[in-house]
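Okay, structure first, notes after.
The values are calculated or read from the model by the stated rules, or taken from the named source; none is laboratory data. Computed from a predicted model, the values in this text were never measured in an experiment. Positions of Cβ are backbone-derived with ideal geometry, glycine not excepted, and every protein chain shown enters the neighbour counts. To get the accessible areas, we keep the full protein, side chains included, count just its heavy atoms, and leave off ligands, DNA and RNA. Shrake-Rupley method; radii C 1.70, N 1.55, O 1.52, S 1.80 Å.
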Amino acid sequence: MTSPAAEAAIAIGATPPPLPPDPGLLLLRQEVEDFLLHEADLLDERRFREWLALLAEDIVYFMPIRTDRAFGEQAGEFTAQGRGISWFDEDKWTLTKRVEQILTGVHYAEEPLSRVCRVITGVRLLAVSPDRRQVTARSRFLVRQGRLDYERADFVGSRTDILRREPEGWRLARREIILTDTVLLAKNLSIFF
Amino acid sequence: MPDGSPLPTCRPETGFIPREIFSSRAVFDREQETLFARAWLFVGHESLIPRPGDYFLSRMGIEPVILCRDEAGEVRVLLNSCRHRGMRVCRAERGNTRHFTCPYHAWSYDLSGRLVGVPMRRQLYEGVLDEASHGLVPAGRVARYKGTVWATWDAEAPDFAAYLGDVRPHLDAVLDHRDGREGGSEVIGIHRWIIPANWKFAAENFLGDTYHNPSHASVDLIGIGPSARSGRTGRRDEQPAQHLWVSFPSGHGVHSLIAPPDNPYTPAFRDDPEAEAHFARCHEERVRRLGEAARLSAFTGTIFPNASYHGRQPRGICVWHPNGPEETEAWRFFLVDADAPAHVKDVLRRYYMRYSGPAGMTEQDDAENWLYATAACRGPISRRQPFNYQQSLGAWRRGDPVPGDVSLQITEQNARNFYRAWQAHLDGAPWPALIGQDT
């Protein structure tokens, strides 16, 4: 829990105000947006191994579970990364396992493979390290999953990502995915967000 | 099924079960009236409500209930429905309060369910409203068992212990401390998700459908257990043991293990020496404490009708709440020993998350199967062919080597027994018959 990305994580519900205007950030944001859209293309095109290569070795991939709380007690609304049970609180090993599972061809929840379209929008930078090699970006997503003939699931939410510039290019070091569901209204979370 | 036609009858001893029971609205409605309104149901765990005033929203069948601890520390199970217009009086899922106040007309109730506040009572209700008889509807009976809380709507139901019968040592192996002390578990998280399938497929899966293992080929090929990084495939390390499939008069069914007489520890956490040492130590303690009885361990099971468990790893209780004939709301309560080291709990929670539930690599494939099996129960042509339940028909014996009807081979006997008990509930059988005490 002491990776640089974990230390830089912005607490849920504590989104900072917009960064001050800076022409240099325009280009940075363009790079980040291109990265996120490319990543969505790789996943939509089921190029899972190539997607894995974009993940930092110490990635934290986190999707909390939400519960409704009374006014004044909302502190407990989200499960915490690093404690208890969330939908996802994963490292690169488990994400790799998930890809390996799909690639066995007998993971029946993804065989035949889901048809997925990821709409990624509203990309903005929340924080940038002084050397501009680590960026925290917020985006919104609309993910439609189709399976077989009648199955359809829509996931709407936001992601807060930490990207790190490594020698090979940008790598995803932390992803936090927030859904609106309390009871998950989809039968499976067998796709990547 | 057309309106007015009789409900299908389930005669599982024939080795066949009609498909309608998995998709018919009439069958579902009857289940609510005669099964879920009478049977003992899993409601929650005391670790969710440690202090007076703590509450946790739960369900019993399709009915919403509040599980709470009143000012005196007593555990209560109350129907979450105002006695005036039925609005839910509590809508936050967990928290702490002194009163439940209805958002609609503001009738309010204390933690024991007593009606304690009616706006303008003197002007509008004086001499008419009997507050004493207008509390939140309590469960007929509530039982606390080794940290878990169970309830039935039927005040005439037998004691929970009698309802459990001889499944008890198997449930104990789920709920007791890994070192053999009684109880001591805590809930470290809860999954809740929707499965578009009939609840009985899930209940049946856990009560001993070991035959469905091929559906998990993908995880078995890649290895996802706590020894996977050390090169072990499969979902967990399998210990050398005699496998038992046991069914009981109340409808429960379990898949349990009897270890060899010397009962050695089987390494199961090869990727983490600290966790391995912890569980090896627990195993030795358990053997010392329980002796011969320590040879029994619980693998999976279903406490009739809809509370299933994984007894070893990933340890937890899963409740299959019926939403409709073709929709189930699954709730899984993940369990660890409350006093286990933080590091061990961390190893366990990570394994639980990658194994279980809608994001779990194993159980995703279960949901896929249950969905399409349920959908296969709609068509009139499909329905002409009942499901086949002939597996290991007759291959069981009573009371050997443990109480109950025991099979030593993979079997659908537990399922046949489940549907026998299910049919008795749908027929409204008296309690002695429902728990096997009528002879």
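Do you know which residues across the stretch A:130-150 are more than 20 Å from the chain's Cα centre (by Cα) and in contact (Cβ under 8 Å) with a residue 12 or more places away in the chain? Talk me through it step by step, then tell me what you get.
Start the filter on the stretch A:130-150 by keeping residues that are more than 20 Å from the chain's Cα centre (by Cα), which leaves A:130-132, A:147-150.
Within the stretch A:130-150, A:Arg132, A:Arg147, A:Leu148 qualify.
The test for being acidic (Asp, Glu), farther than 27 Å from B:Arg51 by Cβ and in contact (Cβ under 8 Å) with a residue 40 or more places away in the chain does not hold for B:Asp110. In the stretch B:208-220, the qualifying residues are those that are out of contact with any helix residue (DSSP H, G or I) (no Cβ under 8 Å at 6 or more places or on another chain) and within 13 Å of another protein chain (Cβ to nearest Cβ), and the one that is surrounded by the fewest Cβ atoms within 10 Å (Cβ to Cβ) is B:Pro214.
List the helices (runs of 4 or more DSSP H) inside the stretch B:126-241, counting only whole elements, that have at least 1 residues being touching a Phe, Trp or Tyr at 6+ places or on another chain (Cβ under 7 Å).
B:160-164, B:168-175, B:199-206
Conditions tested, residue by residue: (1) over 19 Å from A:Ile177 (Cα atoms); (2) touching a helix residue (DSSP H, G or I) at 6+ places or on another chain (Cβ under 8 Å); (3) touching a residue at least 24 places away in the same chain (Cβ under 8 Å).
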site	(1), (2), (3)
A:Pro16	no, no, yes
A:Pro23	yes, no, no
A:Leu28	yes, no, yes
A:Glu31	yes, no, yes
A:Phe35	no, no, yes
A:Arg49	yes, yes, yes
A:Ala53	yes, no, no
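Of all positions in the stretch A:141-164, at least one carries a residue that is among the hydroxyl-bearing types (Ser, Thr, Tyr), surrounded by 15 or more Cβ atoms within 10 Å (Cβ to Cβ) and more than 14 Å from every other protein chain (Cβ to nearest Cβ). I'd like to know if the stretch A:121-135 contains one or more residues that are hydroxyl-bearing (Ser, Thr, Tyr), surrounded by 15 or more Cβ atoms within 10 Å (Cβ to Cβ) and at pLDDT 95 or above. Scanning the stretch A:121-135, I find no residue that is hydroxyl-bearing (Ser, Thr, Tyr), surrounded by 15 or more Cβ atoms within 10 Å (Cβ to Cβ) and at pLDDT 95 or above, so the answer is no.
Residues in the stretch A:49-67 that are surrounded by fewer than 16 Cβ atoms within 10 Å (Cβ to Cβ) and either charged (D, E, K, R) or in contact with a Ser or Thr (Cβ under 9 Å, 6 or more places away or on another chain) (or both): 3 in all.
If a residue counts only when it is aromatic (Phe, Trp, Tyr) and touching a Leu at 6+ places or on another chain (Cβ under 7 Å), which helices (runs of 4 or more DSSP H) contained entirely in the stretch A:23-129 have at least 1 such residues?
Working: elements: A:23-44, A:48-52, A:92-102.
Those helices (runs of 4 or more DSSP H) span A:23-44, A:48-52.
The condition (being of a type in the set (Asp, Glu) and closer than 17 Å to B:His212 by Cα) is satisfied by just one residue among B:Asp365, B:Asp339, B:Asp346: B:Asp365. With respect to the conditions (1) surrounded by fewer than 16 Cβ atoms within 10 Å (Cβ to Cβ); (2) within 30 Å of A:Asp22 (Cα to Cα), A:Trp170 lacks only one, and its number is (1). Residue pairs whose Cβ atoms lie under 7 Å apart, separated by 6 or more positions or on different chains, with the first residue in the stretch B:270-285 and within 13 Å of B:Gly180 (Cα to Cα) and the second of a type in the set (D, E, K, R) and open to solvent by 30 Å² or more (accessible area, probe 1.4 Å), are B:Phe279/B:Arg178; B:Cys282/B:Arg178. Scanning the stretch A:96-112 for residues that are buried (at least 20 other Cβ atoms within 10 Å of the Cβ) and more than 7 Å from chain B (Cβ to nearest Cβ) gives A:Ile102, A:Glu110.
For the stretch B:363-382, taking the residues that are touching a Lys or Arg at 6+ places or on another chain (Cβ under 7 Å) and crowded, with 22+ Cβ neighbours inside 10 Å, the one that is nearest to A:Tyr61 (Cα to Cα) is identified as B:Ala367. Contact map, the stretch B:355-367: residues that are in the same structural domain as B:Gly234 (by TED's automatic domain parsing) and under 14 Å from B:Arg192 (Cβ atoms) paired with residues that are crowded, with 22+ Cβ neighbours inside 10 Å and at pLDDT below 90, Cβ distance under 7 Å, separation 6+ or inter-chain. Pairs shown: B:Pro358/B:Ala367.
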